[in-house]
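Below: one structure, written as structure tokens.
Nothing in this text is a laboratory measurement; each read-out follows from the coordinates by a stated rule. Quick caveat, the model's predicted, so the values are computed rather than measured. Note that each Cβ is placed from the backbone with ideal geometry, even for glycine, and that neighbours are counted across all protein chains shown.
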């Protein structure tokens, strides 16, 4: 039985977001609030196999972050098959396939939202990922698949095994359609491969993030999906925890995934409604940054800068602090700058 069957409802989870939901940010989220489930930032399946070892850092996680799902993207079923072995071996609780990213560099390579226009390929990818998990569970090793030794060594030193070896579930996160709403036919296609869960963002690829998420469209297929035994989640424009609960109930969903409302706000899932103080925001920003450097290294310091802008809002002197932080080049400079505000 997968974690999806055991997870309490309503499910209020942290959505996968590239460059945002990395291990350090997720650690702040589980420390200061606790979502039902967390997703990693997405990882290129081909990059795991033929790319540099640095790619694997997007699959770092901690035991506190369970249940944790690794999101993968790409366009080649064979690489999804292989990547499933890696994710399962690392100890993740689930795998999610990105079929909704609107980024042109992803869509242009037949990944992300472009899979909505390629239903047969989408089905092959789901089935290849499921088979990868099944074959891993049956005993096939990464050595059998001829993964580089240095990558196998990295996996051995970073894996966090669950209490027992499990057939981890495969889910899909997608959109209402490509250039128009085709969610009814599209989810019929997905259900043929029986993923454990489906999450639909309430916009098409063509819309990107413009306009408002269409929750009525999300809800239009809820009954069908849930009756099939597949978990169904919605996503898009949720501003606070109460709205997340309301959306789940109003649209008859198993739950929702929350994205942008968590930017600079790891307290989102704590249900706090009072304003977080400037000193608390700065303390947590410093804590997240320190962990980021520890796990990813100083050379990836620049990845933190987007977080500077998100944390430094809503208090006196926030704009000045944002400007100053954008000028720092390393963690020591950042720490010195923040010391004047703590």
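Considering the stretch 3-270, what Rg and Dmax in Å follow from its alpha-carbon atoms?
17.2, 51
Just want the ordering: 1, 231, from fewest to most Cβ atoms lying within 10 Å of their own Cβ.
1, 231
Using Cα centres only, tell me the gap between the stretch 317-339 and the stretch 1-55 in whole Å.
Cα centres, the stretch 317-339 to the stretch 1-55: 28 Å.
What's the ranking of 212-224, 139-151, 169-181 by average number of surrounding C-beta atoms within 10 Å, highest first?
Highest mean packing first, the order is 169-181, 212-224, 139-151.
Give me the Å³ per residue figure for the convex hull around the C-alpha atoms of the stretch 232-307.
Cα convex hull per residue, to the nearest whole number: 111 Å³.
How big is the Cα convex hull of the stretch 286-338 in projection, averaged over all directions, in nm²?
Across all orientations, the stretch 286-338 yields a mean hull projection of 3.3 nm².
Provide the FRET efficiency to the nearest 0.05 for the residue 228-residue 153 pair, computing r from the beta carbons and using R0 = 45 Å.
Taking R0 as 45 Å, the efficiency between residue 228 and residue 153 is 0.65.
Please report 312, 199 as a ranked list, fewest other C-beta atoms within 10 angstrom at the top and most at the bottom.
In increasing order of surrounding Cβ atoms, one gets 312, 199.
Could you work out the helix-only [θ] at 222 nm for the chain, with each DSSP H run of four or more residues adding -39,500 (n - 2.57) and the total divided by the number of residues, to the nearest 500 deg cm²/dmol?
Value at 222 nm, helices only: -11500 deg cm²/dmol.
Between the alpha-carbon centers of the stretch 84-122 and the stretch 212-289, tell me the distance in whole angstrom.
Centre-to-centre distance over Cα atoms comes out at 22 Å.
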